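Here the structure is laid out as structure tokens; the discussion comes afterwards.
The values are calculated or read from the model by the stated rules, or taken from the named source; none is laboratory data. Keep in mind that what you see is a predicted model, and the values were worked out from it rather than measured. Here Cβ is always computed from backbone atoms with ideal geometry, including for glycine, and neighbour counts include all displayed protein chains. Just the protein is used for accessible areas: all its heavy atoms, side chains included, with ligands, DNA and RNA removed. Shrake-Rupley method; radii C 1.70, N 1.55, O 1.52, S 1.80 Å.
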Amino acid sequence: MSRELRDARSLHSGREDRVDGAPSRAWWRDAVGYEVYIRSFADGNYDGVGDLVGLRDRLEHLAWLGVDLVWITPFYPSPMADHGYDVSDYCDVDPAFGTLDDFDSVVLEAHRLGLRVMVDIVPNHTSDQHPWFVDARRHRRSQHRDWYVWRDPGADGGPPNNWVSSFGGPAWTLDAGTGQYYMHLFLPEQPDLNWNERAVAEAFAQIIGFWLDRGVDGFRIDVAHSLVEDQAFPDNPTIGPVAPEMTPRQAFRCFEHLYDLDQPGVTDIYRRWRQLADQHGAVLLGEVYLHEAQRVSRYVEPDALHAAFYFKAMSMPWGAAGVRAMLAAGVESGSGRFAWVQASHDERRSVTRFGGGAEGRERALVLSTLYAGLPGMMFLYQGEELALADGVVPPDRLTDPVGTRNVNPAGSRDGARTPMPWADVDGFGFTAPGVEPWLPFGGRGAADTVSVQRRDPASWLYRYRSLIAARRSLPPTEGTVEWLVDDPDRLVAYRRGGLSVSANVSDEALDLPPLDGTWSVHFATDPACTLRRLPPRSALLALRSP
Ligand code: GLC
């Protein structure tokens, strides 16, 4: 990547890292990222599935929105049991999404627009159709056998222990041909790799090198906390009984995950990746799906990952105490290395979680405004800038195995994955008119679309764009975050140097405590916000005059 690009997008943190021996801003530290769920972003060849050409042709939207970094979910060859998170070749593109040349054209166009590109790397498991696993299950002594996790059946002939899959059912499947069980923390079609096998580490170092050489600026690391298991494979302690009608997530919570996740040694894996990434000025961002901030912080030690997603907002009920506690824990434990996020392709959209309707939309923007003044990266999930709620997917159109393979379909992630509404036309500008998209649009209307919102300066799209611009133009600040505790049931507020951020999370108007000195409004979620009064569910960023 050119030094010009780095400098052009350098941010306000003021800190410097060394890249290639030369001082350079750590561009990623306060970057605004944007998740592209590739199947649903934009369909370039009109087959109903989003793809790389579609993405390339819509990058202008992201540049206009003002984000720094685009994370693209997996586009590698895959049987698609988990829509691409079951990879059968880490160094190519699935024909459904295009070709390697198309990928190169995405990187080229993104860099031309000043955007950085992050790819998703899936090191915990492969597809069962990956040549490594096809070989591993051929024979107990095959070359790749130890690349996966095999155990003999338990004493009763059943699974070796009580571990459960995040997607429902046991975490073990019997391979009849070789008489042993293999482990899978996700689908049976996603066998876990054995990271104690050195050849696995070698293979991934090469994969990372392959994408760095193609010009990527970073990696989002799928389930970064799950790569290592306790080698004695003990049962996890049980918290409560599992019932058949539970969603996989509910069943997963019936156990204390002492031995299958978040094991010592997992960050050792990332040290080598870190050296590779640092040579290219690239960033490693982990999907560390642990809600306790302190546990997440272990992944961002100086020579491990650069940054980790902080997902606490995903499980947080709306309310001042919960929002404040979530933010404060993330600030304290994250040391600026947590990526703030409130939506993804794996969760119900935050607008829906926070109550839906106008209220849900306002709350989601309030939370983003609180994020915007904090140290650390901040991510939007596609459609968040339009304030989209979940799409409605009828039961016979569900495709997510979390929904379709379990008695209770409520865990399905399809509602968060419906295609992007670009324009108020048949096919919503996502695909051609008359083409059936892979998931229904889910009840979108004209007001949800990019084209309609782009014509209205009061739209959600413009508000998110102004928020991103406001964040980008914050003066350099190294100030620590100080929480203000006036009106603790309604107000969430902090100071950071000459920045003051106030959010009224309640449903009534709120008078603000006076600020010392002279301040001006830098961004407000609602035109009725003033330095002295916030309407219900609104927030503002204010700057102290020098
Ligand atoms: C991550 C992905 C999710 C996927 C799972 C298994 O959590 O975000 O979509 O299903 O890993 O790869």
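GLY415 - would you say it is free of Cβ contacts under 8 Å to residues at least 12 places away in the same chain, at negative phi and within 25 Å of the chain's Cα centre (by Cα)?
Details: free of Cβ contacts under 8 Å to residues at least 12 places away in the same chain: no; at negative phi: yes; within 25 Å of the chain's Cα centre (by Cα): yes.
Answer is no for this residue.
Would you please name the residue that is farthest from the ligand (Cβ to nearest atom), looking only at residues in the range 97-146 that are among the acidic types (Asp, Glu) and closer than 28 Å to ASP262 by Cα?
Applying the filter and picking the extreme gives ASP146.
Considering only strands (runs of 3 or more DSSP E) fully contained in the range 478-536, which possess at least 1 residues that are open to solvent by less than 50 Å² (accessible area, probe 1.4 Å), in contact with a Gly (Cβ under 6 Å, 6 or more places away or on another chain) and not assigned by TED's automatic domain parsing to the domain that holds ARG324?
Working: elements: 481-484, 491-496, 499-504, 519-524.
Fully inside the range 478-536 and qualifying: 491-496, 499-504.
Among ALA343, ALA372, which is the only one that is open to solvent by less than 10 Å² (accessible area, probe 1.4 Å), within 16 Å of the ligand (Cβ to nearest atom) and not acidic (Asp, Glu)? Working first, answer last.
Working: ALA372 fails: within 16 Å of the ligand (Cβ to nearest atom).
Sole residue among the options that is open to solvent by less than 10 Å² (accessible area, probe 1.4 Å), within 16 Å of the ligand (Cβ to nearest atom) and not acidic (Asp, Glu): ALA343.
Restrict the check to the range 363-372 and report whether at least one residue is under 14 Å from the mean Cα position of the chain (by Cα) and modelled with pLDDT of 95 or more. It would help to see each step written out before you state the result.
Just the residues of the range 363-372 that are under 14 Å from the mean Cα position of the chain (by Cα), to begin with: none.
There is no residue in the range 363-372 that is under 14 Å from the mean Cα position of the chain (by Cα) and modelled with pLDDT of 95 or more.
Can you tell me which condition THR399 does not meet? The list is (1) within 20 Å of ALA42 (Cβ to Cβ); (2) more than 16 Å from the ligand (Cβ to nearest atom), and all the others hold.
For THR399, the exception is condition (2).
Pick from the range 147-172 the residues that are within 16 Å of the ligand (Cβ to nearest atom) and open to solvent by 30 Å² or more (accessible area, probe 1.4 Å): which of them is farthest from SER412 (Cα to Cα)? Give the derivation first.
Within the range 147-172, the first condition is being within 16 Å of the ligand (Cβ to nearest atom), and the residues that meet it are 148-149, 163-169, 171.
Subset that is open to solvent by 30 Å² or more (accessible area, probe 1.4 Å): 166, 169.
Numbers: SER166: 12, GLY169: 15 Å.
Step by step, filter the range 147-172, then rank; the result is GLY169.
Restricting attention to the range 191-224, and to residues there that are within 19 Å of the chain's Cα centre (by Cα) and among the small types (Gly, Ala, Ser), which single residue is nearest to ARG298 (Cα to Cα)?
ALA224
Please work out which one of (1) within 21 Å of the chain's Cα centre (by Cα); (2) open to solvent by less than 30 Å² (accessible area, probe 1.4 Å); (3) within 25 Å of TYR381 (Cβ to Cβ); (4) within 16 Å of the ligand (Cβ to nearest atom) is the condition VAL266 fails and give its number.
Going through the list (1) within 21 Å of the chain's Cα centre (by Cα); (2) open to solvent by less than 30 Å² (accessible area, probe 1.4 Å); (3) within 25 Å of TYR381 (Cβ to Cβ); (4) within 16 Å of the ligand (Cβ to nearest atom), VAL266 breaks only (3).
Only one of GLN129, GLN180, GLN143 is open to solvent by 10 Å² or more (accessible area, probe 1.4 Å) and closer than 16 Å to TYR85 by Cβ; which?
Numbers: GLN180 fails: closer than 16 Å to TYR85 by Cβ; GLN143 fails: closer than 16 Å to TYR85 by Cβ.
Answer to the selection: GLN129.
Residue check: is VAL164 under 30 Å from ALA339 (Cβ atoms), in the same structural domain as CYS91 (by TED's automatic domain parsing) and of a type in the set (A, V, I, L, M)? Break it down stepwise before answering.
On the way: under 30 Å from ALA339 (Cβ atoms): yes; in the same structural domain as CYS91 (by TED's automatic domain parsing): no; of a type in the set (A, V, I, L, M): yes.
Judged against the criteria, VAL164 is not a match.
Could you list all residues from the range 183-224 that are more than 30 Å from GLY114 (Cα to Cα) and within 16 Å of the ligand (Cβ to nearest atom)?
At the first step, the residues of the range 183-224 found to be more than 30 Å from GLY114 (Cα to Cα) are 183-203.
Within the range 183-224, MET183, HIS184, LEU185, PHE186, LEU187, PRO188, GLU189, GLN190, PRO191, ASP192, LEU193, TRP195 meet the criteria.
Please go through the range 60-88 and pick out each residue that is acidic (Asp, Glu) and within 16 Å of the ligand (Cβ to nearest atom). I'd like the intermediate steps shown before the answer.
Of all residues in the range 60-88, those acidic (Asp, Glu) come to 60, 68, 82, 86.
Those that are acidic (Asp, Glu) and within 16 Å of the ligand (Cβ to nearest atom): ASP82, ASP86.
Quick one: how many residues across the range 412-441 are open to solvent by less than 30 Å² (accessible area, probe 1.4 Å), assigned to a loop (DSSP other than H, G, I, E, B) and in contact with an Asp or Glu (Cβ under 7 Å, 6 or more places away or on another chain)?
The number of residues fulfilling the criteria is 6.
Out of everything in the range 391-411 that is more than 26 Å from LEU285 (Cα to Cα) and touching a Lys or Arg at 6+ places or on another chain (Cβ under 9 Å), what residue ends up being surrounded by the fewest Cβ atoms within 10 Å (Cβ to Cβ)?
My answer is THR399.
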